[in-house]
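The values are calculated or read from the model by the stated rules, or taken from the named source; none is laboratory data. Keep in mind the model is a prediction, meaning the values are calculated, not measured. Here the Cβ positions follow ideal geometry from the backbone for every residue, glycine too, while neighbour counts run over all protein chains shown. Calculation scope for accessible area: heavy atoms of the full protein, side chains included, ligands and nucleic acids excluded. Shrake-Rupley method; radii C 1.70, N 1.55, O 1.52, S 1.80 Å.
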Amino acid sequence: MTTHLPILQVIIPLLAAPFCIFLRIPRLVGIFAILVSAAAFLVSCGLLQQVITAGTISYKLGGWPAPWGIEYRIDILNVYLLLLVSAMSTIVLVAAQTSIKKELPEDRHVFFYTSFLLCLTGLLGILATADAFNVFVFLEISALSTYTMIALGTDRRALTASYQYLIMGTIGATFIIIGVGLMYMMTGTLNMYDLAERLPEVNTSRTVLSAFGFFIVGVCLKLALFPLHLWLPNAYAFAPSIATAFLAATATKVAVYLLIRLVFSIFGIEFVVTVLPMQEIFMVLGLAGIFAASVSAIYQLNIKRLFAYSSVAQIGYMILGLAIGTKLGLVATLVHMFNHALMKAAVFLAIGGAVYRIHSAQLIHFAGLGRKMPLTMAAIVIGGLSLIGVPLTVGFVSKWYLVLALLENGWWPVAILVLMSSLLAVMYVWRTVEWIYFTPPRINIDDVTEAPLSQLIPIWILVLANIYFGLNTSLTVGLSKMAAESLYGIFGGVL
Amino acid sequence: MELVLDIISWIFLVTGCFFCLTGAVGLLRFPDFFSRIHAASITDTLGAGLILIGLMFQSGGWGLVMPKLVLILLFSLLASTTASHAIAKAALKSGLKPEVSSADEPSEGESSSKL
Amino acid sequence: MSDLFAVVMLSGIYSLISASLFLDLDAVDVAFTEASVGAGISTLLMLASLKLVSRYQKKTRYKPILAFFVVVTTGAMLIYGTLDMPHFGTADAPVHTHVAPRYLNESMGEIGVPNVVTSVLASYRGYDTLGETLVIFTAGIGVMALLMVSKQTKQESKKLIPADMQQQIILRIVAKMMIPLILMFALYVQFHGDYGPGGGFQAGVIFAAGIILYTMLFGLSTSQEVFKATTIELFTAAGVLLYGGVGVVCMLLGGNFLDYDFLKHDPVHGQHLGILLVELGVGITVASVMMIIFFKFTWRTVKHKYKK
Amino acid sequence: MALSAEMMLILTMVVPLIAVGGIAAAHKYPNLREAVTITASLILIYLVSSLYGITKAGGVVSVQGAELFSDLALSFRIEPLGMIFSLVAGYLWLVTTIYAIGYMRGHHEKNQTRFYCCFAIAISSAMGIAYADNLFTLFIFYEVLTLSTYPLVTHAGTKEAKNGGRVYLGILLSTSVIFLLLGIISTWYVTGTLDFRAGGIFGEEHRKAAAILLPLFIFGIGKAAIMPFHRWLPSAMVAPTPVSALLHAVAVVKAGVFTVLKVCTYTFGIDLLVSLPTRDFLLYLGCASIILASLVAMRKDNLKARLAYSTVSQLSYITVGALLATGSGALGGAMHIATHAFGKITLFFCAGAIMVASHKTEISQMKGLGKHMPITMTAFFIGSLSIIGLPPCGGTWSKWYLMVGAADTGKWLVMAVLMVSSLLNIAYLLPIPLKAFLSEDGVEKDRSFQLKEAPLPCLIALCFTAFGCLVLFFYPQPLYEIARAFLEASGNYVR
C-alpha cells in the first residue's frame, strides 16, 4: 500500500466527504472527519519519510504515463505543505466539535463537515498534483467548499462576504484556467514538468507571456496579495470560527505554494526575473501589502477582521521572500508559510473559543476577558507575539531568515522597512492586549468561563507548537532548505 | 427518380425557408405580443417542419438519419406548439391583453414591444 | 441591464450560440455539453432562483468602472496573447504534435472506445473527471447547506396545493408524453457516450431536466413522493462514491488508482467496464445534484409563500 | 544537595519560572503566594552565591543548549560581568519582594498575583541576560524582559498607565527590533558568529561594517536609555514603586547597560572600538545625555520623575565608560552597575515609602518630612551620596574609575562632563533630604492623620540597601576583583 501513498493522501478525504452524507448523524460525522483528517496526516508523515529516504515520488493515475495521463509528483516542497495542511485540519477539526455546535444549527453540521473535508481534498489535491489542469479542478473544489463554509457563518453579512469571495475567486480561477489554456496551446502538454521542458523553446512568444500574466494574477487573487486582497477580511471575519482558523492557516499558503511552483518549477526563475520585472513588482506589492494591511488592522473593531488584515500583511512577507529571488529568500518564504499557519491557527482558534463563550467578535466585548478566560486569552497573546516576531516564537525565526536574506541580497533598506513593519504588528496586537487585560468589561461577563477543554487542547497544542518550532527549527528550516535546494537545482541555481 | 426526389425536396426546403423568413419579418413588424408570437411559431412549426421534410427526401433511404429526422420533426411540432401556447398563456395571465383593434390602448402595444 | 429575466435569457442564448460555434469547430461533445448545461439546465436553475428574488436589479449607486477596466484589460491581454498563437488548424501546432497523437492513434487499441473524447475524459484523464464530479457534488453540498429547509416547512408543504401550472392542461398532457421520452433519451446519452457524443454529464443534466419539468407541472409534493429529497441527497454522494470506488477497486486489484486495466483479465474489457461505471457515477451525481438544487430553490419559494 | 554548577546555572533561570507557577496556583492565598516568591528568591540567592563561589575559585561554568537555527544555539556561560549583574539582580529581587509586600498591601493594589508572576519572569530573563554566551541568547532574554515588565508598567490599568505602557513598549521594542535585531543579524552575516569572545569577533577586515554596526547596537539597546531613546524611562514611572525600583535600578536598565558593556568589550573588543570613527560621536552623545538628563531632573518636582531622569543620566555614565574603550572605563562601568543599583534602589524605595506613608509625590511637599520619617530620609541621604559619588558610599569607587578612564583617553571634555554632572547631581538630589530634615513647616498643616514611617517590610528593605551602599564603600574589594576579572576575561588589563 505504501506505493499508493501519494494518491491515498488525496482520495481518503475525497471519498470520505460524500460518505459523510450517508452517515447523517452530526456527532458521528464530526468524529469521522477527525479520523479522516488524522489518516491524511499519517499518510503525509509516511510520504515525508519516503521522500526523504527515496527522493521525489511519482505516481501515475490510471496507470497512464506522464504527459498523457495525470501524474502526482511528491517532492520535498509538496510534502512539507501536505504535512502542514493535514496537520492543521486535524487540529482544527478537534476544536470544531464543540465550536460548530454553538455556531451552526444542528441540521447543517453534516454539510459543514462535508464542505470541510472537500476543502481539505481540494487543498491536498492542489499540493500533490503535477498537472496544471488538475490544479484547476482541485482549486475549484476547495474554492466552492470554502464559499459554502464562509456563507454558513451566523452573521447575515457572511453571505455577502462569501459572494464577494465567490466573484473574486471565480475571476482568479478563470485567469488561471486561461493561463493553463494558453500554455497548452503553445506546448501541447499539461504536465508541469513536461511544460517546464517545453516552455523554454517558446517562452519568447507573446502567448506564453500572457499565459504567465494570467496565471500570476489569478494566483495572486487567490493568495490575497495586496491590492487583490479585498475579499479576505470580510470572508475571514464572518465565516464560522473554525472555518476562519482553517482557511487562515492553509488556504493562502496553498496559493503561495502554487505561485512558487509556477515561478520555480514551470517557468523557471530565470524567465520570471528576466522577462518581467517580477522581483520589483513583488517587492513593491509585498511591502505595500505589509504596511497597508497592518495599518488597516490597527483600526479594526472586530478582532477577527483585525487578524484577517494581519494575514494580508503576513502574505506580504512571504511574497517579499520570493521577490528576493535567492535560495535564502525562498527559505524565508517557506519557513514563514509554516510558521504563519501555526500562529494564525492558534489565534483564530482562541478567538473561536472566546466567541463560543461571549458570542461576539467585537473587540470591545473582549474587554476584561483576560481574567475570565486566562488560558484562551494567553493563547491569543502568544500568537500575537509570534506575529510580531518576538524571540522564542516561530515568528522570530521567520523574521530572522527574511532579514538575513534581504541583507544577503544587499536590500538593507527593505530589511529596515520589514523590521519597522513589525512595530505595526506590535500596535495592533497590543491594542488587543490592552482591551483584553487592561480594560474593565463592557458587557456582562460574570458567567464567562474558560473555553471548553476540547477547544483548549488544540489551541494549546498550537501555542506550544509556536514555541517549539521557534526553538527547534530542524523540521521547518531543514525541509525548507531542502525544498529550496531542489527548486533551484532544476535550473542550476541562477542568481 | 433522384431528380424527382431532389425537386420535391427543394420545393419543401424553399417553402420552409420562406416561412422562416416571413416568421422573422412578422416577429419584427407585427404590432403586439400575441400577433408576434403567432409569427414566431410559424417559424418553428411550418418553417422548420417543411425544412425537415425536405431534408428527409435528401437523406437517401431508410437509414439511421431518416428516423432521427422524423423524431426531430415530431418533437419540434410537439414542443414548439406547446411552448407558444405556454408563452401566450403566461402573457395573458400576467395581464397583457391582445390588441383587438389598433385604435385601442396604444400604450400596451408599446409596453409589449419592450419584452 | 437591470431586467434579470432578460439577462438570464441572454445568457441562455449566448450558450446556445457558443454551442453552435463548438459544433462548427468539430467539438461535438463540448457543443452537446454546452447546449445541455449552459443553455439548458443552468438557465432553468437561474430562473428558479429568480423566482426567489426580485426580477429587477436594484440600482447601484456607483458606476462599475473598476469592473469595466478589468474586463478591458483582460480582453486586451487575451488579444495580445493570441498574436503569437499558432494559426488555427495548423498541423504542426504543438497541440497536435505532442500529446494528442497518442490519444488519437493508440486509444482504440488501449481502450477500445470509438469516441476518443470519452476515452480521454474517462480514462486518460479520468482523475480530472472525478475532480469535476466532485466539483458538482461540492456545489450541491453548498446549496443543500445554505438553503436548508426546516422540518416545519416540509410538513406544511404536504398540505400545499402545489405548482402554478396545475391548471395548464395542454402543458400537462404534452409533458406527460414527453417526459418518458426525455428520460429515455437521457439513458441513451448515458450509455451511448462510448460511441457518439454524450456521457454522464449531459445524460445527468437531461435526466434532471425531465424530472424538473415534471415537478414544475405536477407540484413539488407529487414529485417528492417518487424522488424524496433525502434519497436524492444520498444519490449525490453515491455517484462520487461509485466513481471513486471503481478507482479504489483498481487499486485493490493491484493497479494504480483508476487503472481500469485491472478490472478484468483483458485490459480493453477492463477499460470498457471502468468507463461504463465511472460514467454512470458521473451521471448519477450530476442528475441528483441538479435535482436537489432545483428542489431546494422550490422549497424556498414555498417557504416564502407561507410567510406571506 | 549536590548540584553541578551547570545545573545551578540553569536553575537560576528555572527557579523563578517555577515560582511563577506556584504564585499563580496560590493566587487565592496572598500569604502563601508571597511565601513562594520569597522562597524562590532565597533559593536564587543561594544559587547565585554558590555560582559566585565556584567562578571565584576559577571554575568555568557553561551550558550549551540545543542548536536552534542558522547554527545558533542558546548557550550560557558565566563570566565576571554577568556575575556582577546576576548577583545584583538576585539579591535585590529578595529585597524588592520584601519591600513590595509592604508596598502593595499598604497601597491596596489589585492584580497582585499578576504582579508577582511578571516580576518573577522578569528576574528569570535577567538571569538569562546575565549568563548569555552569545548575542542571540542575550537578545531573546532581552525581549522577554521587555514583554514581562510591560504588564508591570501598565499595572494600574488606568488610561495614564496604558499610555505609559505604550511608550515603554513602543520605544523598547522598536529600538530593539529595528536597530538591535538588524545589528545582530548583520553581525551574524558579516562575521558568521554571535559568540562573546575575548577581544571581539570583528576582524580588521570588518572595520567598516563594525563602524556602521556600533551605532545600531548603542541605539538598539534602548534599555540603556541613551538620548534620544530615553523617553520610556520617565513614562514607566506610572508603575508601582517596587516596579520602578526594579526597572530603574536593577533588572531593566542594568540589562541595558550590561548589554552595552558586553557588546563593547566582547563583540567589538576595546582595541577595535577605539579606532572606530563612529565611536567619538556616540561618546559625545552619551556625554550630552548625562548633562541634559541631569538638567531635566533639576526641573522635575515629582520625586519619581526626578529619579528617573537621574537614572537616565547615570546610565549614560556606564555607556560612556564602555565607549571610552579603556580598561579603567570598562572597570568603572562594571562597578557602576552594582553601586548605582544599590544607590538608586534605595532612593526609589524611599520614594515609595514616602508615598505609602504620606501620599506625597512632589518634592516641594516634602519639607520637614524628616521629623516624621527619619529612617526613610536617612536612607535617602545615603542613597543620594552614593549616586553623587561621595564617600562614604559605594558610588565613589565606580566614579573614580570612570574618571581615570576618561583621563586615560585624554578626552578632557569627557572628564569635564563627569565633573559637572556630579555637581548637578548634588544640586538635584541633596536638597531633598536636607530640606526634609532642616525645614520645619509644610507637613502638619494639611495632614489630619498621624504621619509615621512606612510599613515594616518597606523599612527593612530600604535599610538593607542603604547599608549596602555603605558596605560597597568600605569593602569594595570583592566587587573590584570581579570587575578586574571581567577585564581580564575580555582580554584587557588595567595599567
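For A:417-423, what's the mean count of beta carbons from other chains sitting within 10 Å of each residue's beta carbon?
Numbers: counts 1, 3, 9, 4, 1, 5, 5.
What the average comes to for A:417-423 is 4.
Which residue fluctuates the most in chain C, going by a Gaussian network model with Cα springs under 10 Å, if the choices are C:Lys58, C:Lys228, C:Lys264?
In this elastic network of chain C, the residue with the biggest mean-square fluctuation among C:Lys58, C:Lys228, C:Lys264 is C:Lys58.
With a probe of 1.4 Å, find how much accessible area the protein assembly as shown has per residue, and write the answer as a whole number in Å².
On the way: 53260 Å² over 1413 residues.
Per-residue accessible area for the protein assembly as shown comes out at 38 Å².
Using the structure shown, list the pairs from D:Lys371/D:Lys399; A:Lys399/D:Lys28; A:Lys101/A:Lys399; D:Lys254/D:Lys371; A:Lys253/A:Lys399 with a Cα-Cα distance above 29 Å, or answer none. Before the final figure, lay out each step's value.
Details: D:Lys371/D:Lys399 32 Å; A:Lys399/D:Lys28 40 Å; A:Lys101/A:Lys399 38 Å; D:Lys254/D:Lys371 34 Å; A:Lys253/A:Lys399 17 Å.
Beyond 29 Å between Cα atoms: D:Lys371/D:Lys399; A:Lys399/D:Lys28; A:Lys101/A:Lys399; D:Lys254/D:Lys371.
Total Å² of accessible surface buried at the A-C contact, 1.4 Å probe, nearest 100? The partial results should precede the final answer.
Values: alone 18020 and 18600 Å², together 31280 Å².
In total, this chain pair buries about 5300 Å².
What part of the accessible area of segment B:25-95, given as a whole %, is carbon or sulfur when the probe is 1.4 angstrom?
Details: 3170 of 4100 Å².
Here carbon and sulfur together make up 77 percent of the probe-accessible area.
Quick one: among C:Gly283, C:Gly199, C:Gly81, which has the greatest mean-square fluctuation in a GNM of chain C with alpha-carbon springs under 10 angstrom?
C:Gly81
Taking the alpha-carbon distance from D:Lys360 and a cut-off under 14 Å, which aspartates and glutamates remain once sequence neighbours fewer than 8 residues away in the same chain are dropped?
In chain and number order, the partners are D:Asp301, D:Glu444, D:Asp446, D:Glu453.
Choose one answer from C:Gly247, C:Gly112, C:Gly193: the residue with the largest mean-square fluctuation in a GNM of chain C with alpha-carbon springs under 10 Å.
In the Gaussian network model the winner is C:Gly112.
Rounded to the nearest 500, what is chain D's calculated 222 nm mean residue ellipticity when only DSSP H runs of at least 4 contribute -39500 (n - 2.57) each, over all residues? It would help to have the intermediate numbers written out before the result.
Values: 21 runs with 347 residues, N = 495.
The helix contribution divided over chain D gives -23500 deg cm²/dmol.
Are there any residues in segment C:94-113 with a reduction of at least 40 Å² in accessible surface when going from the isolated chain to the assembly of protein chains? Probe 1.4 Å, please list them by number.
So the qualifying set is C:Pro94, C:Val95, C:His98, C:Val99, C:Arg102.
List the aspartates and glutamates whose Cα lies under 20 Å from the Cα of D:Lys411, skipping any in the same chain that are fewer than 8 positions away.
D:Asp271, D:Asp280
Of all accessible surface on segment D:22-80 at a 1.4 Å probe, what whole percent is carbon and sulfur?
Within segment D:22-80, the accessible surface is 63 percent carbon and sulfur.
Just to be sure I understand: if you take the accessible area of chain B alone plus chain C alone and subtract the pair, with a 1.4 Å probe, what total do you get in Å², rounded to 100?
Details: alone 7880 and 18600 Å², together 25700 Å².
Separately minus together, B and C give about 800 Å² buried.
In Å², rounded to the nearest 100, what is the total accessible surface buried by chains A and D against each other with a 1.4 Å probe?
Roughly 2800 Å² of accessible surface disappears when A and D pair.
Using the structure shown, select from A:Lys222/C:Lys59; A:Lys304/C:Lys58; C:Lys264/C:Lys296; A:Lys481/D:Lys223; A:Lys372/D:Lys159; A:Lys222/C:Lys303 the pairs with a Cα to Cα distance greater than 32 angstrom. Walk me through the numbers on the way to the answer.
Working: A:Lys222/C:Lys59 29 Å; A:Lys304/C:Lys58 30 Å; C:Lys264/C:Lys296 41 Å; A:Lys481/D:Lys223 36 Å; A:Lys372/D:Lys159 21 Å; A:Lys222/C:Lys303 36 Å.
In this structure, C:Lys264/C:Lys296; A:Lys481/D:Lys223; A:Lys222/C:Lys303 exceed 32 Å between Cα atoms.
Which parts of segment C:172-186, residue by residue, lose 50 Å² or more of accessible area when the rest of the protein chains are there, as against the chain isolated (1.4 Å probe)?
In segment C:172-186, residues shielded by partner chains: C:Met178.
Any idea how many Lys pairs in chain B come in under 26 angstrom at the alpha carbon, given 8 or more places apart or on separate chains? Mind showing how you got there, number by number?
Details: B:Lys89/B:Lys97; B:Lys89/B:Lys114; B:Lys93/B:Lys114; B:Lys97/B:Lys114.
The number of close lysine pairs in chain B is 4.
Quick check: at a probe of 1.4 Å, how many percent of the accessible area of segment C:1-85 sits on carbon and sulfur atoms? Could you put the intermediate results ahead of the total?
Details: 4340 of 5960 Å².
Carbon and sulfur: 73 percent of the exposed surface of segment C:1-85.
Residues of segment A:436-454 that become at least 10 Å² less accessible with every protein chain present than in their own chain isolated, using 1.4 Å: which are they?
Residues passing the criterion (a loss of at least 10 Å², heavy atoms only) are A:Tyr437, A:Phe438, A:Thr439.
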